[in-house]
Amino acid sequence: MDKKQFIEEVVSLKGRLINYAFRMLSNTEETEDAVQEAFMKLWDMRYKLYQHSNIPALSFQVTKWICLNTIRRRKRHDEHLDDIMEIRNSTVFPEKELNEKESVEIINQIIERLPDLQKSILKMKHIEGMDIDEIALLTGSNLSAIRMNLSRARKKIQELYFKIQHYDKSI
């Protein structure tokens with residue numbers, strides 16, 4: 001499925017998917033994130049979508065599972081501390097300073113713990129080299145939502161990275 005077909009068959013469902021997700025999540029920001037994430041997953045599946053006889057039904061199913069995962073994430077407590085401790089326990093820290101290779105490894109571990117939507121948008125922007133307009137078009141989102149998710153992802157990476165550095169220095 002090419003971009004044009006994807007936009008016509010999947011992105012055109014945006015309004016219906018937003019209504020569906022909002023009924024489950026009751027939160028506008030989480031609803032937009034869930035629909036964006038659904039579009040990202042469907043975009044990743046674009047070459048196999050022709051195998052599905054009912055793309056709208058598949059789109060609703062993907063959105064449902066993302067919403068359920070969002071609800072489960074809400075219930076977790078102390079997520080930041082758990083992430084920091086897990087990264088801290090799985091990474092070897094030198095006594096004085098992290099070298100460049102270790103810093104990259106830590107950042108990659110932090111990225112892997114980001115929500116799927118943020119991870120996908122970062123990948124599209126920085127690995128696949130897409131511009132924000134193209135990401136917005138493919139996800140059916142507006143430019144500000146894409147920028148907001150990129151900003152959230154970068155902020156979380158920075159926040160966790162500096163917490164890890166501070167934690168290491170305090171030992």
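Brief remarks follow.
- Total lysine pairs in the stretch 1-75 at Cα distances under 17 Å, for residues eight or more apart or on different chains: 9.
- Cα gyration tensor shape for the stretch 1-75, rounded if a/c is under 1.5, else prolate or oblate: prolate
- In terms of surrounding Cβ atoms within a 10 Å radius of their Cβ, 66, 157 rank from fewest to most as 157, 66.
FYI, it's all coordinate maths here, none of it is from the lab. If you're wondering where the values come from, they're calculated on a predicted model, not measured in any experiment. Don't worry about glycine lacking a Cβ; one is built from the backbone with ideal geometry, like all the others, and counts go over all protein chains shown.
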